[in-house]
1. Might you check whether a residue that is modelled with pLDDT of 80 or more, among the β-branched types (Val, Ile, Thr), farther than 30 Å from Phe96 by Cα and over 33 Å from the mean Cα position of the chain (by Cα) occurs anywhere in the range 19-26?
2. Among the candidates Arg28, Arg59, which residue alone is surrounded by fewer than 16 Cβ atoms within 10 Å (Cβ to Cβ), out of contact with any strand residue (DSSP E or B) (no Cβ under 8 Å at 6 or more places or on another chain) and part of a helix (DSSP H, G or I)?
3. Here are Tyr109, Tyr122: which of them is more than 23 Å from Val164 (Cα to Cα), open to solvent by 70 Å² or more (accessible area, probe 1.4 Å) and hydroxyl-bearing (Ser, Thr, Tyr)?
4. Which pairs turn up if I take residues in the range 17-32 that are without any contact (Cβ under 8 Å) to a residue 40 or more places away in the chain and closer than 20 Å to Ala7 by Cα and look for partners that are of a type in the set (D, E, K, R) and open to solvent by less than 60 Å² (accessible area, probe 1.4 Å) with beta carbon separation below 6 Å, at least 6 apart in sequence or on another chain?
5. Would the range 94-101 turn up any residue that is at pLDDT below 95 and open to solvent by less than 30 Å² (accessible area, probe 1.4 Å)?
6. Looking only at residues in the range 82-93 that are assigned to a helix (DSSP H, G or I) and in contact with a strand residue (DSSP E or B) (Cβ under 9 Å, 6 or more places away or on another chain), which one is farthest from Trp60 (Cα to Cα)?
7. Does the range 78-89 contain at least one residue that is more than 30 Å from Thr9 (Cα to Cα) and open to solvent by 70 Å² or more (accessible area, probe 1.4 Å)?
8. Using the structure shown, decide if Ser41 is outside any loop (DSSP other than H, G, I, E, B), farther than 30 Å from Lys93 by Cβ and free of Cβ contacts under 8 Å to residues at least 24 places away in the same chain.
Amino acid sequence: MPKKKIAITLEESLLKRIDQIIDGKQIRNRSHAIEFLISQSLKPKISQALILAAGKGVRWRPLTSYLPKALIPIGKKPILEIIIDHLKNYSVKNIFVVIGTLGEKIKKYFGSGKNFGVKIQYILDKKETGTAQALNSAKNFLKKEPFFLWYVDELAEIDLEDFVNFHLEQKTIGTVALSSITKPSLEYGIVKMKGSKIVEFLEKPEKKKAKSYLVNAGIFVFENEIFNYIFPQDKSLEKDVFPRLISE
């Protein structure tokens, strides 16, 4: 892309702070540092997130016999609060939570979200048929712009800024956060890659078919177009919707 040369005047203290990010590799010089900082500040942000917190939490029993998995404590906080904190640190303030079994306890704990520095709206998933319809239930709530999707039983130290930048650069309908495992397992959705594209998604495959060590981390960025790919008969994003996206 062609560039234009401009002259600017900055305070010396500000220049010193700019110079501190120059490392000679990613940021080569002062001019590059200023360009980088401006481009980062002007990049679009994602302001909304959907958290899937429905389901009976069978794998977490006996805890989930009386407590929704969203409220299971990790350290001193419920898992959902940790996720909300992570999103809030990225400046996501509009959060939608899909609830089902024992969902009233989630609503009682978090309320409107005001005490947690966010706005929370709840969407009831009565049938709890799977991730595809849980996502689809939010179709009329989300703004027609990109959003985070986060499974409530997944925690990750993920750089959301980097995640969003990658998604925007790829210009795709969806981006999946991946993690690596030391050996294939029936507990995870296995992902096969070609470059930065997912070419196959095997949800909890048999061991002999699990030849990849990359797994779905349960955190996504989607464009609003994702709803065009969810059909009434779909239950699982991983088994029904993602293969459809891959095939196209």
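1. The answer is no, given that none of the residues of the range 19-26 is modelled with pLDDT of 80 or more, among the β-branched types (Val, Ile, Thr), farther than 30 Å from Phe96 by Cα and over 33 Å from the mean Cα position of the chain (by Cα).
2. Working: Arg28 fails: part of a helix (DSSP H, G or I).
One residue alone meets the criteria, Arg59.
3. Tyr109
4. none
5. For the range 94-101, residues at pLDDT below 95 and open to solvent by less than 30 Å² (accessible area, probe 1.4 Å): present.
6. Lys88
7. The answer is yes; a qualifying residue exists.
8. For Ser41, the condition - outside any loop (DSSP other than H, G, I, E, B), farther than 30 Å from Lys93 by Cβ and free of Cβ contacts under 8 Å to residues at least 24 places away in the same chain - is not met.
The values are calculated or read from the model by the stated rules, or taken from the named source; none is laboratory data. Quick caveat: nothing in here was measured; it's all calculated off a predicted structure. Because the Cβ atoms are built from the backbone with ideal geometry, glycine has one as well, and the counts that use them run over all protein chains shown. Ligands, DNA and RNA are excluded from the accessible area calculation, which covers all protein heavy atoms including side chains. Shrake-Rupley method; radii C 1.70, N 1.55, O 1.52, S 1.80 Å.
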